[in-house]
1. Would you tally the net charge around Leu201, using a Cβ to Cβ cut-off of less than 12 Å, leaving Leu201 out, and scoring K and R as +1, D and E as -1?
2. Tell me which of Ala182, His224, Gly27 sits at the most positive position along the dipole axis of the chain, charges placed on C-beta atoms (Lys, Arg +1; Asp, Glu -1).
3. Which length gain, in nm to one decimal place, applies between Lys47 and Glu155 when the Cα-Cα distance is subtracted from 0.36 nm times their residue separation?
4. What number, in percent, do you get for the relative contact order of the chain if the mean sequence gap of Cα pairs under 8 Å and at least 6 apart is divided by its residue count?
5. What number do you get for segment 243-287 when its Cα radius of gyration is normalised by 2.2 N^0.38 Å, N = residues?
6. Report the longest stretch of the chain that contains none of the GluC sites (Glu not before Pro) sitting in a DSSP loop with at most 12 other Cβ atoms within 10 Å.
7. If you add up the charges near Ala33, with Lys and Arg at +1 and Asp and Glu at -1, over every other residue whose beta carbon is less than 10 angstrom from its beta carbon, what do you get?
8. Would you mind estimating how fast segment 80-166 diffuses translationally, via Stokes-Einstein at 4 °C and 1.567 mPa s with the Kirkwood radius over Cα pairs, in µm²/s?
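Please treat every number below as a calculation from the coordinates, not as lab data. The shown structure was predicted, so the numbers you read here are calculated from the model rather than taken from an experiment. All Cβ positions, even for glycine, are placed from backbone atoms using ideal geometry, and neighbour counts span all protein chains on display.
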Amino acid sequence: MIDRKKLITQDAFKTTYRIIKSWTLEGHEIIWAWFEIVRPHDMSHGKGKTLLCECDFDFEIANGSKKFKNDPHECQHKKYVRDVLIPQESIREYGETWKAMGCKQAILDIFEKVKNGKLFGKYKGDVIYIQEVARLLGETDANILKLCDELFAEEQLSLNGAILIPYVSRFRFPKEIQHLLAYLIEEPLGWPNGEAGDCFLEEIEGVITEYTNFKTGKKVFGDHYPHLSPQILINFGGAWIQSGVSKLCESKSEECDLQLQVNYLKSLIDYLKVIVDETDKTMLSIQSKIVPEKND
Ligand SMILES: [Zn+2]
């Protein structure tokens, strides 16, 4: 059990903890706690909610930093509470309600609850990932991602990587353009390169929002926003491949691995053959259902 005296620390890390909920597994206590740090000497402070266990309180201070007896991040008891017990409890409590409201509404409900400090299985209470939402709703990550995409188009929710964040109305390029711009920025740095692309986008889109009349992407890019229309993708995809191939043929430099490009094009052609084949079959079956009118 965590020594209650340790919940108000007097060391260099002046922190106050208040237990909201506690679990005990094989004599090892895990707590979901509210915390506040006030360190007047360096003006640092912070507060929030966090999942802790006995390991977090079992340390010595050496050279101004904590030396834990056991790494709190590796504690199997805490992991079990976070990954199994808390999600199970949440599903018991809200599962039926989420089913009744439908998956999309349930995502918004989970996000709202997280914002209000509800813990669904993270070390910190104010963050939730797509994977955790999927686990709570018994859905695949891909399905939750698709629904988050729809919620973004409806201006209700946004994503930062896989983290759910509130939707903020501002100009944004369609996703495919965003990916391209992020890649262009990060590729010279060695793709992938952390947040360099995202930071660039945020800056450039922020400037557009502030200094132009283009205040949202939705009004600018039409019905398929936040995506490009399939037709635009095909038109530009085709044109880009054409231009890429002709530039490769002219190029005498060895910077491009020609064989790699040729292999890529071959597999692309094979893929296109399948699509054309399927389309032909569909067309034939449609034609066979059309009975010609008799002109007697
Ligand atoms: Zn522990």
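1. On the way: positive: Arg170, Arg172, Lys175; negative: Glu186, Glu195, Asp198, Glu202, Glu203, Glu205.
Net of charged neighbours comes to -3.
2. Gly27
3. Working: separation 108, 0.36 × 108 = 38.88 nm, distance 2.95 nm.
Stretched out fully, the Lys47 to Glu155 stretch lengthens by 35.9 nm.
4. Working: 306 pairs, mean separation 24.9, N = 296.
Contact order relative to length: 8 percent.
5. Working: Rg = 16.0 Å, N = 45, 2.2 N^0.38 = 9.3 Å.
Here the answer is 1.71, to two decimals.
6. Details: sites that count: Glu26, Glu154, Glu254, Glu255, Glu293.
Between exposed loop sites, the widest span is 27-153.
7. +2
8. Numbers: Rh = 12.8 Å.
Estimated via Stokes-Einstein, D reaches 101 µm²/s.
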